[in-house]
Structures are given as structure tokens and as C-alpha cells.
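The values are calculated or read from the model by the stated rules, or taken from the named source; none is laboratory data. Bear in mind the structure is a predicted one, so any value in this text is a computation, not a measurement. Neighbour counts run over all protein chains shown; Cβ positions are idealised from the backbone, glycine included. These accessible areas exclude ligands, DNA and RNA; they are computed on the full protein's heavy atoms, side chains included. Shrake-Rupley method; radii C 1.70, N 1.55, O 1.52, S 1.80 Å.
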Amino acid sequence: MSSILNADLHCHSVVSDGTLTPEELAARAAANGVELWSLTDHDEIGGQHRAAAAARAQGMQYLTGTEISVTFAGETVHIVGLGFDPHNAAISEGLYDTRGGRGRRAQEMSEGLAKAGIHGAYEGALKYVGNPELISRTHFARFLVEQGLCRDTSEVFRKFLTEGKPGYVPHRWAALKDAVRWITDAGGLAVIAHPGRYKFTANEEYALFLEFKEHGGRAIEVVTGSHTPAEYVEYADKAVEFGFAASRGSDFHSPGESHCDLGKLPPLPGQLEPVWELLQDRIL
């Protein structure tokens, strides 16, 4: 396999905060020319068997996937796990514990929005939730758009759901060390998702990459839906600097919301080692 392989190793289904089923995502990915696919629902692996079966039915190769929420330097960072054993008890238990804090956080978000005059947000958000354990800000955002309070989910986040706004509630997620260990102990490979999205200083980002590598992390997303072309170059250079393999994924959530459709990203820069080269024996 080469760096020009159309691999999409980051997307979400109704099992977390996407709007399509694993089967619908597989069909969309295949229609867009994806050759190697992974479903990476937030803190959840419940859709993996469906996704793998759907990928096979569509003629695509498949890697198991998840996206784990961690707290690092006071910020939420996402770590994608690829190619792990979905039957591994440690990763299942770790993800279960990580999901546990979402319900209380959602209630507090609803209370904050009620103080701003927006009532019934928790119940409204639940209408968009495929898995109540994984209720998230995205589900609240869809409810507020439905209510006509904002034009789109991006506007909801800016006005209501980021730090200092009425519906913002911080949450402490897994430790970086634990998330990487769950993935690697289950035979998978850990990837820092969309590093360009985090509001870190240069020193904080350096510390993240260094600690991630020390814990056994092996790759970063270079080409991803929220990165700019300049960030493709920046994080290609960072991958070389730290000796990381490179991953590629749209971070697709929904046809009407996502920056980039499944399979529509440019290829990885040619000087990089694609993450799938390290996972040949894990591809289904």
C-alpha cells in the first residue's frame, strides 16, 4: 500500500455523534472511492462489527477504530485507536468509564442553557442521540439549530457551547497514558487526532507529542477534515521531526455538517510513512 491509498480512518456514526448508521457510512465511503476505512466513534466500539461487515460487503478493507477523549494540559485532546482487538476487556472497560461522565455533564449543560432562557435542551438533545451514554455537545447543537436559535451547529458552538458561554461544562476525560495503553495493549496503534485543532502553545504541543511518544503513541493525523493545506505541511514536518507515522481521515459526522466528505481528502505527502503500513496484519 502507498501514501496515495484512499484511506479514511476517522468518521462517526449514530453509535456516537454522527447521523448515519455504520452501513450508510460504509456505502457512502465506497461510493466516494475509499479503499481502506475505519469507523472511529467517540469512546465507543459498539459499532465495530457492523462496520467491518459493511466494509466487506462494499469491497473495502477495514481497520477497527475508536476516538478516545483525553485531558492534557487542561484541554480535551482526541486519540484515535486503530487496528485493536474489539474483544479486548481493558479497552472496553476503559471506554465504559470514559463514557460515564457524559450524562451528568449533559444535565449541567442543559441547566446552563435554561438560565439563558433555553429550556428543555436535555430532552431535545436526546432526540438526536443514538446511544444515550454518548450524549454530547453536538446533540445539543442540533437541537438548538432545530429550534431556530442558530443557523448551523458551528454557530451554536460559538455562541453557547464553548468556554465562557452558557452551555459550556468542562469534563475530565481519560489520562493520555491510559488511552494509549488501552489501545496498544489491545494490539492497536494510537494516533493523535487533528493536532491543528488544539489551542496549545508551541511548548504545550511539543510536550503533548513527546509524552504521547513516551507512552507508545505512534502516529498523528496529518491530512484531516479540519486541517488547512498549510497545516498538512506543518504536521507532515512534525511527523518527520518526531518519527511519527501519518494518518488521514475526514472526521465525517453528517452530510450537512462536516468540513469534508468521506474519501475526499488529498493524499498524504509522499515523504511520510502511512499509518496503514504499520497495521498490515490488522487490516480486515
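Are any residues in the range 231-261 out of contact with any Leu (no Cβ under 7 Å at 6 or more places or on another chain), open to solvent by less than 70 Å² (accessible area, probe 1.4 Å) and in a helix (DSSP H, G or I), and if so, which ones?
Passing the criteria: Glu231, Tyr232, Tyr235, Lys238, Phe242.
Please go through the range 175-201 and give me each residue that is free of Cβ contacts under 8 Å to residues at least 40 places away in the same chain and either open to solvent by less than 30 Å² (accessible area, probe 1.4 Å) or touching a Cys at 6+ places or on another chain (Cβ under 8 Å) (or both), ordered by number.
Gly196, the sole residue that qualifies.
What residue, of Ala51, Ala27, is surrounded by 19 or more Cβ atoms within 10 Å (Cβ to Cβ) and touching a residue at least 24 places away in the same chain (Cβ under 8 Å)?
On the way: Ala27 fails: surrounded by 19 or more Cβ atoms within 10 Å (Cβ to Cβ).
That would be Ala51, the only listed residue that is surrounded by 19 or more Cβ atoms within 10 Å (Cβ to Cβ) and touching a residue at least 24 places away in the same chain (Cβ under 8 Å).
Go through Arg172, Arg137 for me and flag whichever is closer than 24 Å to Gln107 by Cα, exposed (fewer than 14 other Cβ atoms within 10 Å of the Cβ), out of contact with any Gly (no Cβ under 6 Å at 6 or more places or on another chain) and charged (D, E, K, R).
Details: Arg137 fails: exposed (fewer than 14 other Cβ atoms within 10 Å of the Cβ).
Answer to the selection: Arg172.
Which of the residues belonging to the range 1-19 are surrounded by fewer than 24 Cβ atoms within 10 Å (Cβ to Cβ) and at pLDDT 95 or above?
Matches in the range 1-19: Asn6 only.
Looking at (1) among the hydrophobic types (A, V, I, L, M, F, W, C); (2) surrounded by fewer than 21 Cβ atoms within 10 Å (Cβ to Cβ); (3) at pLDDT 95 or above; (4) part of a loop (DSSP other than H, G, I, E, B), which is the only condition Leu39 fails?
It fails just one condition, (2).
For Gly101, indicate whether it is surrounded by 22 or more Cβ atoms within 10 Å (Cβ to Cβ) and within 23 Å of Glu211 (Cβ to Cβ). Talk me through it step by step, then tell me what you get.
Working: surrounded by 22 or more Cβ atoms within 10 Å (Cβ to Cβ): no; within 23 Å of Glu211 (Cβ to Cβ): yes.
No: the conditions fail for Gly101.
Go through the range 1-48 residue by residue and tally those that are among the charged types (D, E, K, R) and within 14 Å of Arg248 (Cα to Cα). Show your work before the answer.
Taking the range 1-48 as the starting set, the residues that turn out to be among the charged types (D, E, K, R) are 8, 17, 23-24, 28, 35, 41, 43-44.
Among the residues that remain, those that are also within 14 Å of Arg248 (Cα to Cα) are: 8, 35.
Here the count works out to 2.
Please verify whether the range 98-120 includes one or more residues that are assigned to a loop (DSSP other than H, G, I, E, B) and on the phi > 0 side of the Ramachandran plot.
Step one: of the range 98-120, the residues assigned to a loop (DSSP other than H, G, I, E, B) are 100-101, 116-120.
Checking the rest, the ones that are also on the phi > 0 side of the Ramachandran plot come to 117, 120.
Checked the range 98-120: at least one residue is assigned to a loop (DSSP other than H, G, I, E, B) and on the phi > 0 side of the Ramachandran plot.
For the list (1) open to solvent by 20 Å² or more (accessible area, probe 1.4 Å); (2) touching a Gly at 6+ places or on another chain (Cβ under 9 Å); (3) under 25 Å from Arg197 (Cβ atoms), I need the number of the one condition that Glu163 fails.
Condition not satisfied by Glu163: (2).
Looking for something part of a helix (DSSP H, G or I), open to solvent by 30 Å² or more (accessible area, probe 1.4 Å), among the hydrophobic types (A, V, I, L, M, F, W, C) and modelled with pLDDT of 95 or more - is there at least one such residue anywhere in the range 269-279?
Keep residues of the range 269-279 that are part of a helix (DSSP H, G or I), which gives 275-279.
Okay, now just the ones that are also open to solvent by 30 Å² or more (accessible area, probe 1.4 Å), so 277-278.
When the remaining residues are screened for being among the hydrophobic types (A, V, I, L, M, F, W, C), the result is 278.
When the remaining residues are screened for being modelled with pLDDT of 95 or more, the result is 278.
Yes, the range 269-279 contains at least one residue that is part of a helix (DSSP H, G or I), open to solvent by 30 Å² or more (accessible area, probe 1.4 Å), among the hydrophobic types (A, V, I, L, M, F, W, C) and modelled with pLDDT of 95 or more.
Just to verify a result, which residue in the range 211-230, among those that are of a type in the set (Gly, Ala, Ser) and open to solvent by less than 10 Å² (accessible area, probe 1.4 Å), is nearest to Ala73 (Cα to Cα)?
Residues of the range 211-230 of a type in the set (Gly, Ala, Ser): 216-217, 219, 225-226, 230.
From what's left, open to solvent by less than 10 Å² (accessible area, probe 1.4 Å): 217, 219.
Working: Gly217: 17, Ala219: 20 Å.
Per the stated criteria, the residue is Gly217.
Which of the numbered conditions does Lys264 fail, given that it passes all the others? Conditions: (1) open to solvent by 40 Å² or more (accessible area, probe 1.4 Å); (2) of a type outside the set (Phe, Trp, Tyr); (3) in contact (Cβ under 8 Å) with a residue 24 or more places away in the chain; (4) in a helix (DSSP H, G or I).
(4)
List the number of the failed condition for Leu113; all other conditions in (1) without any contact (Cβ under 8 Å) to a residue 24 or more places away in the chain; (2) touching a helix residue (DSSP H, G or I) at 6+ places or on another chain (Cβ under 6 Å) hold.
If we test Leu113 against (1) without any contact (Cβ under 8 Å) to a residue 24 or more places away in the chain; (2) touching a helix residue (DSSP H, G or I) at 6+ places or on another chain (Cβ under 6 Å), just (1) comes out false.
For residues that are buried (at least 22 other Cβ atoms within 10 Å of the Cβ) and in contact (Cβ under 8 Å) with a residue 40 or more places away in the chain, scanning just the range 116-134, find the one that is farthest from Lys165 (Cα to Cα).
Step one: filter the range 116-134 for residues buried (at least 22 other Cβ atoms within 10 Å of the Cβ), giving 121, 125, 134.
Checking which are in contact (Cβ under 8 Å) with a residue 40 or more places away in the chain leaves us with 121, 134.
Working: Ala121: 15, Leu134: 22 Å.
This residue is Leu134.
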